[in-house]
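Just below is one structure, and these are the notes that go with it.
The values are calculated or read from the model by the stated rules, or taken from the named source; none is laboratory data. What you are looking at is a predicted structure, and each value in this text was computed from that prediction instead of being measured. Cβ placement follows ideal geometry from the backbone for every residue including glycine, while neighbour counts extend to all protein chains displayed.
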Amino acid sequence: MGEREDEADFVVQQVRMLRRGDGGEEVMALQRLLQQAGHRLVIDGDYGPATERAVRAFQRRVGLVADGIAGPKTLQALRESPPDERLLQQADLEWAAAELDVPVAAVMAVNEVESRGSGFFPNDRPAILFERHIMYRRLKHHGLDPAPHRAQHPDLVNPSAGGYAGGVREYDRLTRAQRIHHDSALESASWGLFQIMGFHWQHLGYDSASHYVECMHRRERDHLDAFVRFIGKDRRLHDSLRDQDWARFARYYNGPAYARNRYDEKMARAFARHSHALGDGGMLA
């Protein structure tokens, strides 16, 4: 995060996620897959407690994040396709919780609400969103005058946010911006599962913007590592996560528009659900 606009959320790829409270044919299809995987379930189309428990159990068995939500990763694994080794695992979230000294359920809540579900686009590149207003600032940071580039490429260099293409098309904007200035372009995109801005690379301990981007191309575990560094470097975020002060956490992580999108309420509900599933106040059962 950091200088990322909430207004840009509409261009982030959205994926169908089945969860507690859902119903219908899609849930019935999920239940059949879970039955085939060895879980005893009534095929009733109701995503209730039993279905959620079965999803969590399956996710734990195959090494995925055990959040009880059936998204593309879980559905792919249920269809007998081994999980991609680049995908985030429950053990990774447990590692992050230990690093930050917070409940596992707290990290799971943030991952559920803030991670967008997948750190990679279908073309296997890390998920990104290019921010033209950050490009404007980064050019100044590197001693370059943004004015002529703004005149020629207002969709890439602009003091105001906007110009989004969305999804994999953001890479077209990034490539064009790199022709203006390579490092400024990398620093002006948010990257990976948690969409942390590239300009944070030095603050987070990476060797360069290119090194940060190289890490984002590896695995979602590397995306989580960037998130852990980001939280660990910000006392306000770290304290808020440790105390489960979701309104304060959302305010500093998402910006002043957090309440409009109810990020704090979503994380509070997710934390309560994961705490109940894990037991012991959200630590490992």
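Observations
- Qualifying residue in segment 260-277 (condition: farther than 21 Å from Arg20 by Cα, touching a residue at least 12 places away in the same chain (Cβ under 8 Å), among the hydroxyl-bearing types (Ser, Thr, Tyr) and buried (at least 19 other Cβ atoms within 10 Å of the Cβ)): no
- The lone exception for Ser210 - which of (1) surrounded by fewer than 23 Cβ atoms within 10 Å (Cβ to Cβ); (2) closer than 26 Å to Arg19 by Cα it fails: (2)
- Any hit, segment 3-16, residues being modelled with pLDDT of 90 or more, out of contact with any His (no Cβ under 9 Å at 6 or more places or on another chain) and basic (Lys, Arg): no
- Single residue of Arg16, Arg53, Arg20 found to be outside any loop (DSSP other than H, G, I, E, B) and among the basic types (Lys, Arg): Arg53
- Of the residues making up segment 152-166, none is in contact with a strand residue (DSSP E or B) (Cβ under 8 Å, 6 or more places away or on another chain) and within 30 Å of Ala272 (Cβ to Cβ).
- Selection within segment 53-67 - buried (at least 20 other Cβ atoms within 10 Å of the Cβ) and more than 21 Å from the chain's Cα centre (by Cα): Ala54, Phe58
- Given (1) touching an Asp or Glu at 6+ places or on another chain (Cβ under 8 Å); (2) on the phi > 0 side of the Ramachandran plot, number of the condition Gly63 does not satisfy: (1)
- Set side by side, the residues Arg137, Arg116, Arg53 differ, and just one is among the basic types (Lys, Arg), modelled with pLDDT of 90 or more and under 30 Å from Ala177 (Cβ atoms), which is Arg137.
- The combined condition, being under 15 Å from Leu278 (Cα atoms), modelled with pLDDT under 95 and among the basic types (Lys, Arg), is not fulfilled by Arg40.
- Considering segment 68-162, the qualifying helices (runs of 4 or more DSSP H), each wholly inside and each with 3 or more residues that are surrounded by 13 or more Cβ atoms within 10 Å (Cβ to Cβ) and out of contact with any His (no Cβ under 9 Å at 6 or more places or on another chain), run over 72-78, 90-100, 104-114, 132-141.
- The set of residues in segment 163-176 that are exposed (fewer than 15 other Cβ atoms within 10 Å of the Cβ) and of a type in the set (Asp, Glu) contains only Asp172.
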